[in-house]
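Reading through the structure tokens given below for one structure.
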């Protein structure tokens, strides 16, 4: 794994840097493989990035869009990650509807919805039941509790290693989420993080796996407490932070961590 950590002076610069990196990765994927598969993050931080993406000129017919997680609400609900990305970006560019692959929260049983999206991914990527596809790009955020996607601290979803999609739980409310091994197959994972309230989480998430740990905690316990630590893709891992969250973080590129 190659890890790159950058701290940008403010959120505007963070979004511009994120746009540049995302565009470069998308264009490289299209050039090398004829298409780009990208999974989007929810939350408020990436919205201006998506709005900026809507102004770009790309061969949209070669871009396939997925989501790393989704709240268990209808697609027109204000909390829907799909709705946010569509209004900020996808509805404003000429991307074929068939290239948009949302997680559908339309089953009484969320586990069934997770199974259906799991099957959709297997069909799209033409893989067998035990295999994991390789997405070109996965965008992620970070919660102040250390969660990413809908992989929350000390939840069963963290232990799922035999599926692509599972049910994440936050405050007894179900969500759909990519599993850790699916995210870790990606060629490139980019965390985009802003906010002083995430300083404690970012310190624990970016602490070295073989370095000093929080007193009384093992690496495994910290992984369960701060699930973003579990994201260790086989390709590149980017952490793009603004100054409010990253002011005390060491920057640079590290290979083979």
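Values in this text are rule-based calculations from the coordinates and carry no lab data. This is a predicted model, so every value here is computed, not measured.
Could you run the Debye sum over the Cα atoms of the stretch 24-74, one equal point scatterer each and no solvent, and tell me log10 of I(q)/I(0) at q = 0.18 Å⁻¹, two decimals? The Cα Debye sum returns log10 ratios of -0.67. Once you sort the root eigenvalues of the Cα gyration tensor of the stretch 78-201 as a ≥ b ≥ c, which label holds: rounded (a/c under 1.5), prolate (a/b larger than b/c) or oblate (the other case)? Rounded, since a/c falls under 1.5.
In deg cm²/dmol, rounded to 500, what helix-only [θ] at 222 nm does the chain give when every DSSP H run of at least 4 residues adds -39500 (n - 2.57) and the total is split over its residues?
That calculation yields -8500 deg cm²/dmol at 222 nm.
Assuming a ≥ b ≥ c are the square roots of the Cα gyration tensor eigenvalues, decide whether the stretch 141-257 counts as rounded (a/c under 1.5), prolate (otherwise, with a/b larger than b/c) or oblate. Judged from the Cα gyration tensor, the stretch 141-257 comes out rounded (a/c under 1.5). Normalising by residue count, the stretch 1-57 has a Cα convex hull of 108 Å³ per residue.
From the list [x] 19.0; [y] 18.4; [z] 19.8, can you say which value of Kirkwood radius over Cα pairs in Å was derived from the structure given? Answer label, from the structure shown: [y].
If you take the Cα centroid of the stretch 218-233 and the Cα centroid of the stretch 126-182, the two points sit 13 Å apart. Put the Cα centre of the stretch 86-109 next to the Cα centre of the stretch 1-55 and the gap is 18 Å.
With the Cα gyration tensor of the stretch 57-99 giving a ≥ b ≥ c as the square roots of its eigenvalues, does the rule (a/c under 1.5 for rounded; else a/b larger than b/c for prolate; else oblate) give rounded, prolate or oblate? Prolate shape, in that a/c is at least 1.5 and a/b is the bigger ratio. In the elastic network of the chain, a GNM with C-alpha springs shorter than 10 Å, the most mobile of 186, 149, 119 is 119. Taking 168, 195, 42 in turn, the Gaussian network model of the chain (Cα-Cα springs below 10 Å) assigns the largest fluctuation to 195.
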